[in-house]
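One structure is given below, encoded as structure tokens.
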Amino acid sequence: MAFVRWLRRNLVVIAGLCTLAYLLLPNIVVTVFSFNKPKGRFNYSWQEFSLDAWKDPCGVADMCGSLSLSLQIATWATIGATVLGTMIAFALVRYRFRARGAVNSLIFLPMAMPEVVMAASLLTLFLNMGAQLGFWTVLIAHIMFCLSFVVTAVKARVMSMDPRLEQAAQDLYAGPVQTFLRVTLPIAAPGIAAGALLAFALSFDDFIITNFNAGSTVTFPMFVWGSAQRGTPVQINVIGTAMFLVAVLLVLAGMLIGKRRNKQPK
Amino acid sequence: MTTTLTEAPPAKDPEDPAPAPRKPRKRGRLVPYWLLLPGLLWLVVFFALPLVYQASTSVQTGSLEEGFKVTWHFATYWDALTDYWPQFLRSVLYAGAATVLCLLLGYPLAYLIAFRAGRWRGIILVLVIAPFFTSFLIRTLAWKTILADGGPVVGALNSLHVLDVTSWLGVTAGDRVLATPLAVICGLTYNFLPFMILPLYTSLERIDGRLHEAAGDLYAKPSTTFRKVTLPLSMPGVVSGTLLTFIPAAGDYVNADLLGSTDTRMVGNVIQTQFLRVLDYPTAAALSFILMAAILFMVTFYIRKSGTEDLV
């Protein structure tokens, strides 16, 4: 009886942990299979333990090239989307102007549209313009779909900001530039960082929009997609595992820094 | 359509939104427009304009060799619908099933993080977010290993007679899961689950814990408290989570391609094939327009029904 009562009280916890397990199961499988030594071209069944792939992560033709291309695109897309998005977010929160509603809708729509629709329509634009598909078209597309997410993240932060802090700075004879650099920007920084991080992750991982607009350029997700047809090298699992570890460490570090900041007296 | 889906605070503007400019000059009034100009230009040229181009493509006829011309050939839409309605139907059904599963699976986890996790909260949140940063394609491929024929998962489902039930429901075939609708729905659920959990968590986290105590003081059973207090207050999260899951799931073609078979093709697969392999641009554009219109229609209807219009 006691067990049933315990079970009932902790039902939510058990169900939640099951979901967490469901979420992490593929990551565990990816990690385990990064130590596999597959017999055929596909790395879908366990054969024997081996460190080969970890010793030689770039041993597959073209894989590390696609990885570095994805990193470059993600970096530039993050910079572009963060700058443009932060400007829009400040304009939307700080100023009253006509067509504010229309602007908000235009920001919202890309997030509410299936990726395949955006991808296909962008391709029709590029085809009509006769643009050469490749690095630049992918970068343009990535900045486009990351923009809305950055605006959302920055807007949330700027909205919760006390405008009196800036007024106080100005009362203390800080010029507009000084106020912005010393007061506004530091307060908005976590929102901007969150937006940038999101943009990087979205761009780095994007497959659908890239697949339509990349031409013969191969980003890392496209390499993985191709390998699903041709045969998956173990190195893909190594990269997947490494990315997961880096992400966990990055997010943990971010949280620790955030916690320490919050502990300081306001 | 003012605020967006996931952000935490409701559209509550500070009393004085613009910091009083010291010298109101004419130049200052143009500032918001200069701030908006580059970003909006980008969205207009690379998001709005392409949709116009696509609309025009969908009413063109011709071939790749001779070139396409606008002939106002609306029959493309009719042909696309009659040819591909099973794929449309499948997209809605699979995405709907995945959304319901995401809600059922995601709610306990969001609740756990918001109210029961204590000092584990940060860690669990990291574990929910971290998969975002690892390639979703690699993780989706991992499901091929997990659901492999004769693997432990399929074996367990078989011995528990779950597969008998799902075969009867028509979502699996015989004693395999891969290449069946169940595998695709499983992949969709998995891939979009974080999009359900995070909005649920933000809306649950905002609930004042004292409300639960008050409900308990008034002799409400835990289940009553949940039904009358927690669930209604988390509705904004439920609505935005549902949208964030359903919309991308309906347009997805990766899961259907990697985990499904030719019998599980969704409308995204058709658009992709028509655009990139068959090169039948008018049909592909028409399909993509129908998908967009259908989703906008369903989303508007859903938001009306769920009564949280101020949310979007």
Hits in the stretch A:95-124 (condition: crowded, with 24+ Cβ neighbours inside 10 Å and polar (S, T, N, Q)): A:SER121, A:THR124
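Filter the stretch A:95-106 down to the residues that are facing another protein chain (nearest Cβ under 7 Å) and either more than 25 Å from B:ILE247 (Cα to Cα) or under 18 Å from the mean Cα position of the chain (by Cα) (or both) and list them by number.
At the first step, the residues of the stretch A:95-106 found to be facing another protein chain (nearest Cβ under 7 Å) are A:95-97, A:101, A:103-106.
Result: A:TYR95, A:ARG96, A:PHE97.
Only residues that are in a loop (DSSP other than H, G, I, E, B) and within 11 Å of chain B (Cβ to nearest Cβ): list them for the stretch A:217-227, please.
Within the stretch A:217-227, just A:THR219 meets the criteria.
Suppose the filter is of a type outside the set (A, V, I, L, M), part of a helix (DSSP H, G or I), under 28 Å from B:LEU259 (Cβ atoms) and open to solvent by 60 Å² or more (accessible area, probe 1.4 Å); does B:ASP79 pass it?
On the way: of a type outside the set (A, V, I, L, M): yes; part of a helix (DSSP H, G or I): yes; under 28 Å from B:LEU259 (Cβ atoms): no; open to solvent by 60 Å² or more (accessible area, probe 1.4 Å): yes.
When the stated conditions are applied, B:ASP79 does not pass them.
With the condition being in contact with a Lys or Arg (Cβ under 9 Å, 6 or more places away or on another chain) and within 8 Å of chain B (Cβ to nearest Cβ), I'd like the helices (runs of 4 or more DSSP H) fully within the stretch A:112-216 carrying at least 2 qualifying residues. It would help to see each step written out before you state the result.
On the way: elements: A:115-129, A:135-159, A:163-171, A:176-179, A:185-205, A:208-213.
It comes to A:163-171.
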Within the group A:THR179, A:THR184, A:THR152, A:THR219, which residue is hydroxyl-bearing (Ser, Thr, Tyr) and either closer than 16 Å to A:SER66 by Cα or open to solvent by 40 Å² or more (accessible area, probe 1.4 Å) (or both)? A:THR219
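Going residue by residue through the stretch B:140-152, is there one that turns out to be in a helix (DSSP H, G or I) and more than 10 Å from every other protein chain (Cβ to nearest Cβ)? Spell out how you get there, then give the answer.
Taking the stretch B:140-152 first, the residues in a helix (DSSP H, G or I) are B:140-146, B:152.
With more than 10 Å from every other protein chain (Cβ to nearest Cβ) added as a condition, the list becomes B:152.
Within the stretch B:140-152, one or more residues are in a helix (DSSP H, G or I) and more than 10 Å from every other protein chain (Cβ to nearest Cβ).
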Answer yes or no as to whether A:GLY195 is crowded, with 22+ Cβ neighbours inside 10 Å, more than 29 Å from B:ALA293 (Cβ to Cβ), of a type outside the set (S, T, N, Q) and touching a His at 6+ places or on another chain (Cβ under 9 Å). no
Given the options A:LEU71, A:LEU51, A:LEU92, A:LEU11, name the one that is within 12 Å of chain B (Cβ to nearest Cβ) and either in contact with a Pro (Cβ under 7 Å, 6 or more places away or on another chain) or open to solvent by 30 Å² or more (accessible area, probe 1.4 Å) (or both). A:LEU11
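Here are B:LEU211, B:LEU182, B:LEU198: which of them is over 29 Å from B:ALA130 (Cβ atoms) and open to solvent by 40 Å² or more (accessible area, probe 1.4 Å)? Spell out how you get there, then give the answer.
Numbers: B:LEU182 fails: over 29 Å from B:ALA130 (Cβ atoms); B:LEU198 fails: over 29 Å from B:ALA130 (Cβ atoms).
The conditions single out B:LEU211.
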Go through the residues of the stretch B:33-56 one by one and say whether even a single one is surrounded by 14 or more Cβ atoms within 10 Å (Cβ to Cβ) and more than 10 Å from chain A (Cβ to nearest Cβ). no
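Each row is one residue, and each column tells you yes or no for (1) modelled with pLDDT under 90; (2) more than 19 Å from the chain's Cα centre (by Cα); (3) among the aliphatic types (A, V, I, L, M).
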residue	(1), (2), (3)
A:ALA196	no, no, yes
A:LEU202	no, no, yes
A:GLN235	no, yes, no
A:THR241	no, no, no
A:PHE244	no, no, no
A:LEU249	yes, no, yes
A:MET255	yes, no, yes
A:ARG260	yes, yes, no
State whether the residues of the stretch A:235-250 include one that is without any contact (Cβ under 8 Å) to a residue 24 or more places away in the chain, more than 10 Å from chain B (Cβ to nearest Cβ) and either in a helix (DSSP H, G or I) or within 30 Å of B:ARG277 (Cα to Cα) (or both). no
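Pick from the stretch B:102-120 the residues that are assigned to a helix (DSSP H, G or I) and over 25 Å from the mean Cα position of the chain (by Cα): which of them is surrounded by the most Cβ atoms within 10 Å (Cβ to Cβ)? Outline the logic, then answer.
In the first step, residues of the stretch B:102-120 are kept if they are assigned to a helix (DSSP H, G or I); the result is B:102-116, B:118-120.
Still in the list and also over 25 Å from the mean Cα position of the chain (by Cα): B:115-116, B:118-120.
Values: B:PHE115: 17, B:ARG116: 14, B:GLY118: 6, B:ARG119: 6, B:TRP120: 12.
This residue is B:PHE115.
With a cut-off of at least 1 residues that are touching a residue at least 24 places away in the same chain (Cβ under 8 Å), out of contact with any His (no Cβ under 7 Å at 6 or more places or on another chain) and not acidic (Asp, Glu), name the helices (runs of 4 or more DSSP H) lying wholly within the stretch B:203-295. If you could, list the steps in order and put the result at the bottom.
Working: elements: B:209-217, B:222-225, B:235-251, B:254-259, B:267-273.
Result: B:209-217, B:235-251, B:254-259, B:267-273.
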Can you tell which of B:THR283, B:THR230, B:THR300, B:THR225 is under 15 Å from the mean Cα position of the chain (by Cα) and farther than 25 Å from B:ARG139 by Cα? B:THR300
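The values are calculated or read from the model by the stated rules, or taken from the named source; none is laboratory data. Keep in mind that this is a model prediction, so the values were computed, not measured. Backbone-built Cβ (ideal geometry, glycine too); neighbour counts: all protein chains shown. What goes into the accessible areas is simple: the full protein's heavy atoms, side chains included, and nothing from ligands, DNA or RNA. Shrake-Rupley method; radii C 1.70, N 1.55, O 1.52, S 1.80 Å.
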